[in-house]
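Report on the following structure.
The values are calculated or read from the model by the stated rules, or taken from the named source; none is laboratory data. Computed from a predicted model, the values in this text were never measured in an experiment. When we count neighbours, we look across all protein chains shown, and the Cβ atoms used for this are built from the backbone with ideal geometry, even at glycine. Heads up: the accessible areas ignore ligands, DNA and RNA and are worked out on the full protein's heavy atoms, side chains in. Shrake-Rupley method; radii C 1.70, N 1.55, O 1.52, S 1.80 Å.
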Amino acid sequence: MATASRDRVELSRTLGERLSFGPRQPGDEKTFTDAILAQLRADRLLWVVADEENAPALSIGDTARITFNIARLSGSAGLIYAMHMSQALTLVRHGGDTPFFRELLQRLVGEQVLVASGTSEKGVGGDIFGSICTIEEDGDTLTVTKESPNISYLDHAGLILVSAMRLKPNGKKAQMLIAAEMKNTDLQPGRAVGFMGMRGIMNKPYALTVRFAEEALFPDPYPVIARDTMTPSIHIFWAALWSGMAASALDKVRACISSSPPAESDVADVMRSELSRLVDKHYAMNALIRDAVVAFDNRESVGGMGMAHTADVKRLKVLCSDYLTEICLGALGLVGMRGYAEAGTYSLSEILGDMLSARVMISNYRLLTNNAKIERFVEERL
């Protein structure tokens, strides 16, 4: 089993060598991202969290390492992989041992299908546990109509996980999660959102109507699923994504220093010293990720994702996104105008644009505010 894990992590390290793609040019981010996703499908790396014949499910740590390796090539591809893997892990851990979910998972793994997230909703202010839409029941057919401010990579997805409220017999509402197949989903896309970075991903607002049967509902309520798996895993995979982007920026600094002519040797000495400072930040970033992986793997033994663990994964997101910003801006200062250029060997243009998403993809201020409410109950210990 360990050998199989190492093989697939190593396969992701050599991903770039198998891509049939010429020299990168500004504006080809989407084409490059699509090529990476196609190669990941060919390499059968899109469902490493689920068992396959002769290939056991990988740990969350190894999945994070694969995310890192993809992000080193493309922030957009790394982000899609991170988001998909959180959804995939949710299906594996919470789908339930039913004929519907067994068949669905077997098909998704066999066909290497990407899964998108439909949990965001207009009108709830970014609160994933708030929902306006309600499941409507008409005999054996259930329907949800939902407006989402943004859903990513639906041009690649075959399944979308949608959250909605359901009225219980006692008159109370419970937020549920639905495995919605695209073939049973009507989409009315809004205008594509033009973001400053992550331009390899199609992002659009959608009004969607989902038709499904009772068995497509996850057995656990959505808040339980989100707190136990979806939220902590996406923060870990996002952090791994940002670590891979930071590594790419540092690679460009190293290459730039190595190419400095003898006449600039005094400047190169300063650059090497400053590079070491940036590497220290990357080291701290990776240490936080490894610690979060251990905490996730051991959550059952300490009673699940309790208050302290929930606070810690929010800290992971905030701190790693801040570290990414510091590393990328530091790299730009060292590389200089060659890094500021739109294209070229040392261009940091794409990385800098992608880096800007880290602080706002779930706002750091929202997470800091949530943690501030419980800090008096949470103590950090060595």
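Worth a mention:
- Screening residue 334 on (1) of a type in the set (A, V, I, L, M); (2) open to solvent by 20 Å² or more (accessible area, probe 1.4 Å); (3) in a loop (DSSP other than H, G, I, E, B) shows it passes everything except condition (3).
- Matching residues, the stretch 353-374, being open to solvent by 30 Å² or more (accessible area, probe 1.4 Å), touching a residue at least 12 places away in the same chain (Cβ under 8 Å) and not in a loop (DSSP other than H, G, I, E, B): 366, 368, 370
- Test for residue 147: is it in contact (Cβ under 8 Å) with a residue 24 or more places away in the chain, surrounded by fewer than 20 Cβ atoms within 10 Å (Cβ to Cβ) and in contact with an Asp or Glu (Cβ under 7 Å, 6 or more places away or on another chain): yes
Residue-by-condition table, conditions (1) open to solvent by 10 Å² or more (accessible area, probe 1.4 Å); (2) touching a residue at least 12 places away in the same chain (Cβ under 8 Å); (3) out of contact with any helix residue (DSSP H, G or I) (no Cβ under 6 Å at 6 or more places or on another chain):
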site	(1), (2), (3)
67	no, yes, no
76	no, yes, no
83	yes, yes, yes
86	no, yes, no
89	yes, yes, no
102	yes, no, yes
114	no, yes, no
123	yes, yes, yes
141	yes, yes, yes
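- Residue within the stretch 9-18 that is touching a residue at least 24 places away in the same chain (Cβ under 8 Å) and in a loop (DSSP other than H, G, I, E, B) present: no
- Scanning the stretch 267-293 for residues that are over 27 Å from residue 62 (Cα atoms) and acidic (Asp, Glu) returns 269, 274.
- Residues satisfying the criterion are present in the stretch 70-81 (criterion: within 25 Å of residue 239 (Cβ to Cβ), in a loop (DSSP other than H, G, I, E, B), of a type in the set (S, T, N, Q) and modelled with pLDDT of 95 or more).
- The lone criterion from (1) open to solvent by 40 Å² or more (accessible area, probe 1.4 Å); (2) at pLDDT below 90; (3) not in a helix (DSSP H, G or I) left unmet by residue 343 is number (2).
For (1) more than 30 Å from residue 325 (Cα to Cα); (2) open to solvent by less than 40 Å² (accessible area, probe 1.4 Å), each residue gets a yes or a no:
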| position | (1), (2) |
| --- | --- |
| 161 | yes, yes |
| 167 | yes, no |
| 170 | yes, no |
| 175 | yes, yes |
| 183 | yes, no |
| 188 | yes, no |
| 200 | no, yes |
| 205 | no, yes |
| 208 | yes, yes |
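- Some residue of the stretch 172-179 being part of a loop (DSSP other than H, G, I, E, B), under 21 Å from residue 219 (Cβ atoms) and within 22 Å of the chain's Cα centre (by Cα): no
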